[in-house]
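Trainee: Mind looking over this structure? Questions follow.
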Amino acid sequence: PNHHHQYDSRSTQGQNPLTSQSLNTRRELYERDFPVYKQPVEVGCFSLDSERRFFNDSRQMRYYVEPDRNPYFDLRDGYKDRFIKRDDSVKEKLDHILRWIVANRSKLNSRAATSSSFAFDVDFVTWRGHLTKLLTTPYETREGWLLAVTRFRGTLYMSELETEAARRERENRTERHEEMMYWGYKFEQYTCADNIHSLPDSGGVVNTNEAFCTVVQTRLADHRLLFSGEVDCRDKDPGAPAPPTCYMELKTSAEICTPKQRSNFHRFKLLKWWAQSFLPGVPRVVAGFRDHEGVVVSVETFHISKISHLIKNEYNCWKPTVCMNFCCDFLSFVKRVATEENPSVVYLFSWEPHRDVTYSIHRDSQYSFLPQWYIEEMSS
Ligand code: 0WD
Ligand code: CA
């Protein structure tokens, strides 16, 4: 028996060969047994400071301080005068992960110990956020995606490109939307401390350049994955289990007042929350429910392993197995398509809701994303 919410510790394999030029995203096609997904193992971490500089350490780690169950956190506080926003027109692609790989080459299992150059033992390198988008694809009806893939020394690097629609949305955000994007970060400030002995400082500056990221390794069926994801905080109890089990994800969400709102929360929000945290093995999500004025009025902890039970009573709801099987088949599709070992070749996979996943191939184009420093570093 292989339950939806559990990690698999067996070592079975097997994937059907895919033969077509596109990949269908209909849910019904992915309703089969839950695929093998190994318990993710943290292989390292890194930090990005207030100026978005990379450090191969955990200096930006924060510690969760449990708030009152019914607090009164004003998420609008500081938006105008204590907020430094990361420039989201700057596309960082996989650069931070690549810097981490270069800094930790010796720690990673090398595939060809005899060869002079370095090739490591993973099939895919990507951001956790990109995998989250893949997991939710069979249920997504609004936003498409573009994923650029390059095969280099046996590993497939997968980096998102902003779609035209996403760019338009980013450039035309309303003032209300801009402010609401701040609320999530402000909630983090109310609930996180810089070290185990201190308390949250809600009077400080919110700077969204700062980040702590975990790097995990795992396997989905026969796909060996190395990915990184931003982690909000950890359990501050020194006796808490090792990462990623001690990590916690923080979220804000509109207060739930009606059965319809509850149903929508289960059908849409919990899907995104589950997918994002299940991937790196983060077991808990702490949700701050806020009113329309941006005041958090209740706080609730959700256990990722219990989310599939929570949603069982929703009619026609999402299923974890569909998410994981789709992701697995997409990765098989990528392996079959992206065959040329060449850092200047990009296989561009694109998807729009209600369509199949298709791809195009680009040589020496604007889409190439593996930096020269990485190619040289890995070739020496
Ligand atoms: O270049 C790109 N297209 C992207 C880069 C897209 C997504 C992420 N990134 C990079 C950034 O360097 C960021 O530090 O990824 C990092 C976070 O990666 P992730 O964990 O894989 O991303 P995701 O799971 O989508 O988001 C996790 C958190 C978000 O928290 P909530 O609770 O809102 O899901 O990372 C933040 C945000 O706080 N975040 C980002 N930070 C910087 N750049 C970005 C972004 N583009 N997207 C989400
Ligand atoms: Ca968060």
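Derivation of every value follows stated rules applied to the coordinates shown; laboratory data play no part. Just so it is clear, the model here is predicted, and its values are computed rather than measured. All Cβ positions, glycine included, derive from the backbone under ideal geometry; neighbour counts span all protein chains shown.
Trainee: Take the stretch 182-294, drop everything but the C-alpha atoms, weight them equally and run the Debye formula without solvent; then report log10 I(q)/I(0) at 0.21 Å⁻¹ to two decimals.
Mentor: So the normalised log intensities are -1.27.
Trainee: Continuing with the same structure: Using the C-alpha atoms of the stretch 26-136, what convex hull volume per residue, in cubic angstrom, is computed?
Mentor: Per-residue hull volume (Cα only) is 245 Å³.
Trainee: Quick one: which of Lys251/Lys335; Lys80/Lys272; Lys236/Lys269; Lys85/Lys107; Lys269/Lys312; Lys93/Lys272 span more than 24 angstrom between C-alpha atoms?
Mentor: Check vs 24 Å cut-off fails for Lys251/Lys335; Lys80/Lys272; Lys236/Lys269; Lys85/Lys107.
Trainee: What list do you get for Met248, Met180, Met158 if you sort them by fewest beta carbons within 10 Å?
Mentor: Details: Met248 22, Met180 18, Met158 25.
Listing Met248, Met180, Met158 from fewest to most nearby Cβ atoms yields Met180, Met248, Met158.
Trainee: Ranking Cys45, Cys323 by Cβ neighbours within 10 Å, fewest first, what do you get?
Mentor: So the residues, fewest neighbours to most, are Cys45, Cys323.
Trainee: May I pose another question? How big is Rg to Rh over the stretch 252-366, alpha-carbon atoms, Rh as the Kirkwood inverse-mean-distance radius?
Mentor: Value, to two decimals: 1.11.
Trainee: Suppose we flag GluC sites (Glu not before Pro) only when DSSP calls them loop and at most 16 other Cβ atoms lie within 10 Å. Which is the longest uninterrupted stretch of the chain? The partial results should precede the final answer.
Mentor: Details: sites that count: Glu31, Glu51, Glu92, Glu143, Glu162, Glu255, Glu293, Glu314, Glu340.
Counting at most 16 other Cβ atoms within 10 Å as exposed, the longest clean stretch of the chain is 163-254.
Trainee: Now a separate question. Would you grab the residues whose amide H sits under 5 Å from the one on Thr25? Only those 5+ places off in sequence or on another chain, please, with H modelled 1.01 Å from N.
Mentor: Distant-sequence amide H within range of Thr25: Val357.
Trainee: Could you give the DSSP H helices of the chain that reach 20 angstrom or more along their long axis (alpha carbon positions) and whose average Kyte-Doolittle hydropathy is no lower than 0.5?
Mentor: 320-337
Trainee: Give me the Å³ per residue figure for the convex hull around the C-alpha atoms of the chain.
Mentor: Hull volume over Cα atoms, normalised by residue count, gives 153 Å³.
Trainee: Placing +1 on the Cβ of each Lys and Arg and -1 on the Cβ of each Asp and Glu in the chain, which of Asn195, Thr258, Ser89 has its Cα farthest towards the positive end of the resulting dipole?
Mentor: Thr258
Trainee: Return Trp351, Trp100 ranked ascending by Cβ neighbour count within 10 Å, so the fewest neighbours appear first.
Mentor: Exposure proxy ranking, most exposed first: Trp100, Trp351.
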